[in-house]
Structure formats: structure tokens, C-alpha cells
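Peer 1: The following block contains the structure, expressed as C-alpha cells.
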Amino acid sequence: MTNATNTPPKQPADQGPKRDLVYEFVTAVSYLLMPDEFKGTALYKFLIRFARQWHIANIDLDDVVIEGIKRGVEYILRHNLPIKKPEVWLRQVCLNILRGKVDATIKDERKVAMATQLAQHSKSPLIESELIEQLECLEVALNRLSKDDQALIRMKFIHHKTYEQIRQHYKYIAESEEVIVPSAQTLRKRESRALERLRKVFLELYEGGANKFY
């Protein structure tokens, strides 16, 4: 009779294929990130370019890439699907991670701006209260716009980018996605429409009171 205690525990049926997919992904990424490897160097240059354009200070790109690799492993384990082109996948995921850091930076900048303006009007509780409400309305209104409208307004008015710099942003995205690079004239029209939508939503929120924030 076989001793049950000597029998190795059974693994779930899908763990083998998932483990193989993770191994393939990690192996491909390890090769990709070797010194002087062309695609890995191109990935870092791509991320450096966006970090500079978006004025992200004190960014450690190694941490960004490691986080991208972790997300790749999680994706494989969750969906049991391979990542066929790790360099393309990492480029897009790491770019999304950088976008997240930009959003966090923008929120911090808004808090600083709010605190500065409050300090200037500290002697007037009425003005202070009204300013807080306006800033809250503006932030909610911006977040209610489409992702494209939000990105355009932030690039133009928070990061003070020119239309040509914004076009370069779309050119880089187009390298890994089917994205049409807009002309400067198209960007002006989009900006005008986005600002009009922002103004409309802001007025609805501000004139409607706090109950419309949710």
C-alpha cells in the first residue's frame, strides 16, 4: 500500500502552462534588458523622453520597468495568455505607469496652488470658502471629461506644451497603437471644444451646489 504522506500534492491543471508562459516572458524581458541590447535601450530612451516632456522629477525608470514586469506576470497569471511582444507590451504599460505618476504630480500641484491662494486670502473666510468650492468644482469637472480631453488640457495648460510638442506625444503613442497624429489646426479645434465642455460642466457643478459632485 502506498504511503499517502509521500505523495506530492497535486498542482492545479493550469499551473504548468501558466508557469511556462511566465518563464518565457521573464526570459524574454531579461534578454531585452541586457546591456547594449537595442530594443531595451530604445525602451529606456522612449521612457526618458516622456519623463522629460511631462516634467516628472526624481523618477527612477528601473522602478517603472520593474513595475511593468510585475504587471506582465500578473496579466499572464490572471488571463493564462502569452505576451507575444514583451518590448511593445512593456512600452505601453510603462507609459501608463508614467501617466499615473503625472496624475499624482498634478494633484500635488493643485494642492500647493490651493494652499498658496488660501494663504493670500486668509483674512477673508468667505473668499477662502468660495475658492475651495471653485477648485473642487474645477477638478471634478476636469475628471468628467473624456480621457483625450483631459490629456489635452493638462498638456496645454498645466505643462504649457506647444501644439508641436503635443503632436510629438501622439507620434510616440502611434508607434505601438493605431493612433492618427492630429495636425496643429485639429488640436486647436479639440482644445476649443474641450474648454467649452469643461466650462459647461464647471458651471453646472458650481451653480448646482455640492450635491452634483457625485
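Peer 1: If you check Gln165, Gln150, which single one turns out to be at pLDDT 80 or above, over 20 Å from Phe46 (Cα atoms) and either β-branched (Val, Ile, Thr) or in a helix (DSSP H, G or I) (or both)? Explain how you work it out, then say what you get.
Peer 2: Values: Gln165 fails: over 20 Å from Phe46 (Cα atoms).
Step by step, each of Gln165, Gln150 is checked, and only Gln150 is at pLDDT 80 or above, over 20 Å from Phe46 (Cα atoms) and either β-branched (Val, Ile, Thr) or in a helix (DSSP H, G or I) (or both).
Peer 1: Turning to a different aspect of this structure: Hey, can you tell me all the residues within region 27-42 that are exposed (fewer than 15 other Cβ atoms within 10 Å of the Cβ) and not aromatic (Phe, Trp, Tyr)? Full working, then the answer.
Peer 2: First, pick out the residues of region 27-42 that are exposed (fewer than 15 other Cβ atoms within 10 Å of the Cβ): 27, 30-31, 34-38, 41-42.
Residues satisfying the conditions are Thr27, Ser30, Met34, Pro35, Asp36, Glu37, Thr41, Ala42.
Peer 1: Exactly one condition in (1) among the aliphatic types (A, V, I, L, M); (2) closer than 24 Å to Tyr170 by Cβ; (3) open to solvent by 50 Å² or more (accessible area, probe 1.4 Å) is false for Val93; which is it?
Peer 2: (3)
Peer 1: Quick check on region 70-90. Is at least one of its residues within 30 Å of Gly16 (Cβ to Cβ) and in contact with a Cys (Cβ under 8 Å, 6 or more places away or on another chain)? Quick ask: steps written out before the conclusion?
Peer 2: Of region 70-90, the ones within 30 Å of Gly16 (Cβ to Cβ) are 70-90.
If we keep only those that are in contact with a Cys (Cβ under 8 Å, 6 or more places away or on another chain) as well, we get none.
No, the conditions are met nowhere in region 70-90.
Peer 1: Here's something else I'd like to know. Against the conditions (1) at negative phi; (2) in a loop (DSSP other than H, G, I, E, B); (3) under 21 Å from the mean Cα position of the chain (by Cα); (4) modelled with pLDDT under 85, where does His160 fall short? Just the number, please.
Peer 2: Result: His160 passes all but (1).
Peer 1: Considering only region 149-164, state which residues are loosely packed, with under 15 Cβ neighbours inside 10 Å and more than 15 Å from Leu138 (Cα to Cα). Steps first, please.
Peer 2: To start, the set of residues in region 149-164 that are loosely packed, with under 15 Cβ neighbours inside 10 Å comprises 157, 160, 162, 164.
Once the filter is applied, which keeps residues that are loosely packed, with under 15 Cβ neighbours inside 10 Å and more than 15 Å from Leu138 (Cα to Cα), region 149-164 yields His160, Thr162, Glu164.
The values are calculated or read from the model by the stated rules, or taken from the named source; none is laboratory data. Keep in mind it's a predicted model, so treat the numbers as computed, not measured. Methodologically, a virtual Cβ is constructed for each residue, glycine included, from the backbone with ideal geometry; neighbour enumeration extends over all protein chains shown. Heads up: the accessible areas ignore ligands, DNA and RNA and are worked out on the full protein's heavy atoms, side chains in. Shrake-Rupley method; radii C 1.70, N 1.55, O 1.52, S 1.80 Å.
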